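The values are calculated or read from the model by the stated rules, or taken from the named source; none is laboratory data. Predicted, not measured: the structure shown is a model, and the values here were computed from it. Glycine also receives a Cβ, built like all others from the backbone with ideal geometry; neighbour counts cover every protein chain displayed.
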Amino acid sequence: MYDIHLDKRFQKSNWCKRPLSTDQLQYAQLDTHYLLRLRDDLDKKLQEMGRREEADIIFAEQCLVTPKDNGFSPNDFWSINGVNDLNEQQQAILKALTIFRNEEAERRDMPLFKIFGERTLLELAANQPQSLTQLGHVYGMSHRQVRRYGRTLLQIIAQAKNDPPPEPPPRGKRPPDQVLHRYEELRLWRKEKGKKRGVESDVIISRDALWTLARECPQTLDALAKLPLVGQWRAKKYGEEILAVLKEAG
């Protein structure tokens, strides 16, 4: 917007190390320098477009969002992309490696990716290296990491081979077909509405709100407006269309 380009490599630089470099200090300064100006310019643009009221409602909704619990669980490894491509033994190894990574990150007070990336964990679990030399050929394993963690990783991999297969997380209950049909029709309506207005679909109404509408299936504007994820403003702006979609979907 202001033709300012920041060197994003500093996002992953070591901000714990002191003193900070001149480049880091400059990056930190520029990263926030334009925020107040940006706020004022965007506020002016919203008012010119007649979207300030809508924006205020969306901002207020974001303040009510409950943050996810970021506490570690030994079963967090199931969320790693590619875990389902592994066999049971490899999954057991991945679980053990994920636990070790979390313990090491807490001990060193560092983010997880600073210890090992997820792709590195996957390759360790899949390839099961048996020597420091083989470890050095795994994606993301630097010479420094091999020196620091190599023998520990080899021990974890060897021991985890004999661990019992991890239990997959329980699957959520499938909604009734009628609810799924309503949701799909509402999703298509939202997508088309977003295209017409030139905004992202979530600006029209949230995905969670669509599920609530599909389950509750309100029949009147008053009932629609009372749903927390819909509210008075959306009921007034989109209510008739939403009710028509629900009626058509049955």
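Below, the figures for the structure above:
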quantity: Wholly enclosed helices (runs of 4 or more DSSP H) of segment 82-149 bearing at least 3 residues under 21 Å from residue 168 (Cα atoms) and out of contact with any His (no Cβ under 6 Å at 6 or more places or on another chain); calculated: 88-108, 118-127
quantity: Unique match (being at pLDDT below 95 and more than 30 Å from residue 104 (Cβ to Cβ)) among 239, 194, 231; calculated: 231
quantity: Filter pass, residue 244 being of a type in the set (A, V, I, L, M, F, W, C) and crowded, with 16+ Cβ neighbours inside 10 Å; calculated: no
quantity: Cβ-Cβ under 7 Å pairs, at least 6 apart or on other chains, segment 169-187 side within 10 Å of residue 210 (Cβ to Cβ), far side assigned to a loop (DSSP other than H, G, I, E, B) and modelled with pLDDT of 90 or more; calculated: 182/217
quantity: Residue identified as exposed (fewer than 13 other Cβ atoms within 10 Å of the Cβ), farther than 30 Å from residue 208 by Cβ and of a type in the set (Asp, Glu) among 3, 69, 43; calculated: 3
quantity: Meets criteria (among the small types (Gly, Ala, Ser) and either touching a helix residue (DSSP H, G or I) at 6+ places or on another chain (Cβ under 7 Å) or at positive phi (or both)) for residue 117; calculated: no
quantity: Test: residue in segment 54-62 that is surrounded by fewer than 13 Cβ atoms within 10 Å (Cβ to Cβ) and farther than 24 Å from residue 198 by Cβ; calculated: no
quantity: Whichever residue in segment 203-221 is surrounded by 13 or more Cβ atoms within 10 Å (Cβ to Cβ) and within 20 Å of the chain's Cα centre (by Cα) and, among such residues, is farthest from residue 54 (Cα to Cα); calculated: 211
quantity: Residue satisfying condition, being within 26 Å of the chain's Cα centre (by Cα) and within 22 Å of residue 149 (Cβ to Cβ), within set 62, 90; calculated: 90
quantity: Count of residues meeting criterion [charged (D, E, K, R), at pLDDT below 85 and in a loop (DSSP other than H, G, I, E, B)] in segment 1-43; calculated: 3
quantity: The one condition in (1) under 30 Å from residue 239 (Cα atoms); (2) part of a loop (DSSP other than H, G, I, E, B); (3) aliphatic (A, V, I, L, M) that residue 179 fails to fulfil; calculated: (2)
quantity: Any hit, segment 91-105, residues being of a type in the set (Lys, Arg), exposed (fewer than 13 other Cβ atoms within 10 Å of the Cβ) and in contact with a helix residue (DSSP H, G or I) (Cβ under 9 Å, 6 or more places away or on another chain); calculated: no
quantity: Filter result for residue 60 (free of Cβ contacts under 8 Å to residues at least 12 places away in the same chain and either over 24 Å from residue 117 (Cα atoms) or in the same structural domain as residue 153 (by TED's automatic domain parsing) (or both)); calculated: yes
